Amino acid sequence: MRLGRALGATAVATALAGIALSAADWPQWRGPRRDGVAAETGLLKTWPSEGPPLAWRAAGAGNGYSSFAIAGGRLYTLGAKGPQEYVFAYDTATGKSIWEAPIGSRLSQDRGDGPRGTPTIDGPRVYAIGGRGDLACVDLATGKKIWGVSFPGEFSAAIPNWGYSESPLVVGDRVIVNAGGSDASIVAFDKATGKALWKSGSDRAAYSSAVLHEANGIRQAIFFTATNALGVDVANGRILWTYDRANNRTANVSTPVLRGDRVFISSDYGTGGGLLQLSPSGGGMGAKELYFTADMRTHHNTAVLVGDHMYGFSGPILTAMKFDDGTVAWKNRSVGKGSLVAAEGQLYLFSENGVVGLADAAPDEYRERGRFQIKAGNLPTWSHPVVSDGRLYLRDQDSIYAYDVKAK
């Protein structure tokens, strides 16, 4: 396991090459390592009854469920206004709008219009996927669009029922996505020009975002498509392994949870999740199931791994589970079904009804340290929370909230 953890760190460093990050930055979906854990210290251990102090609230983010990428004192998110979808840039100190960049046409959907994915920051550029499958590369400083490609237009891909929800994975010189086309399920693009470098597989796109793993000299991106979890060789698109037991055939949303050479793949709709052991196999990589459990059925949230336990909403129930063997430590209704991130040994919980909670990330029992509620609109609060530089960022459609959670 020591070897696997070291290889995981190598993969993270490779994926984020070229980004001048501080420990407080959150440059992509689920943070620097795509694990939902913030490298923060000195945070509040309890909240007052009304919640932590509100630093600012900004309007103008439009419609959508995008979360946040944060770096260099700027916050980036996606939203729809009028017939267009945009990348937005805000000042993290004040909430003031800096620029907005159109990336594609608006997704209209009965569960809420607009984009679902989160931007990815890499060096001087931002990469984002709109709800209708428009992948765009935008200049970080100015918002000027550098290049773009349409998955339906370029690869005849079908837009998923609830819209594209993926946050692009940048690895070295390429952007790798689940475009979902025939013979172009997984596609790697040159990150500078947008040229397709390779295409692989024919699985339709789901709603999940990929993670990166490295071992045996092979860097693999691990995806959860509409049909399978799979590993694909970053260099050439070769599919290394597939795993279909966690597929629910309705909506595979959750991001794979990776630690060392093991990865947990999970979905809801009555399905569950399996832990896979990744290992060299015939000049490539293989995946062997170690266990399968119905006790961690993550829907739109992804479990966070703190110590030996992962914490996630299994359906509507917050669940603590030992990662390596699937033993359930506790279950609690907590704030209700939602999403979460972790920082400094605590869980930051955000229900789809606008309830925000703080609890210990501890396997012995559920201990809540505070909760409050934002005034949500008529759509679920499905945008995932972010903790960065002593602030908790939340979103409800057009509104962005920044709360001070740094201990004084």
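Bear in mind these aren't lab numbers, they're just calculated from the coordinates by the rules spelled out. Quantities reported herein were computed from a predicted structural model and do not represent experimental measurements. Note that we place each Cβ from the backbone using ideal geometry, even for glycine, and neighbour counts take in every protein chain shown.
Quick notes on this one:
- Mean-square fluctuations from a GNM of the chain, with a 10 angstrom spring cutoff on Cα atoms, peak among Gln277, Gln346, Gln28 at Gln277.
- Likely footprinting exposure, Met321, Met285, fewest C-beta neighbours within 10 Å first: Met285, Met321
- Based on Cα atoms of segment 262-354, Rg over Rh with Rh as the Kirkwood radius reads 1.02.
- Rg and Dmax, both from the Cα atoms of the chain and both in Å, are 19.3, 58.
- Ascending count of other beta-carbon atoms within 10 Å, so fewest first, for Glu368, Glu289: Glu289, Glu368
- Sequence-distant aspartates and glutamates (8 or more away, or on other chains) whose Cα lies within less than 19 Å of Lys195: Asp122, Asp134, Asp139, Glu154, Asp173, Asp183, Asp233
- 222 nm mean residue ellipticity, helices alone, for the chain (DSSP H n ≥ 4; -39,500 (n - 2.57); rounded to 500): -1500 deg cm²/dmol
- Along each principal axis, taking the top coordinate minus the bottom one, the Cα set of segment 101-257 gives 41, 39, 27 Å in descending order.
- Relative exposure of Arg204, Arg395, judged by other C-beta atoms within 10 Å (fewest first): Arg204, Arg395
- Relative contact order (percent, whole number), segment 203-296, Cα cutoff 8 Å, 6+ residue spacing: 22
- Residues whose amide H comes within less than 5 Å of that of Glu85, counting only those at least five positions distant or on another chain, are Ile103, Gly104, Ser105, Arg106 (H built at 1.01 Å from N in the peptide plane).
- Restricting the calculation to Cα atoms, every distinct pair contributes to the Kirkwood radius of segment 40-188, found to be 16.2 Å.
- Think of the chain as a dipole: +1 on every Lys or Arg Cβ, -1 on every Asp or Glu Cβ, centred on the Cα centre; then among Phe264, His309, Val175, Val175 lies furthest on the positive end.
- Across the chain, C-alpha contacts under 8 Å between residues 6 or more apart give a mean separation that, scaled by the residue count, equals a relative contact order of 15 percent.
- Cα-centre dipole for the chain with unit charges at Cβ (Lys and Arg positive, Asp and Glu negative), debye to 20: 200
- Each principal axis of segment 292-346 carries a Cα extent, and these read 28, 25, 18 Å when sorted largest first.
- Gain in span if fully extended, Gln109 to Asp364, counting 0.36 nm per residue against the direct Cα distance: 87.6 nm
- For segment 102-188, the fraction of C-alpha pairs farther apart than 18 angstrom is 39 percent.
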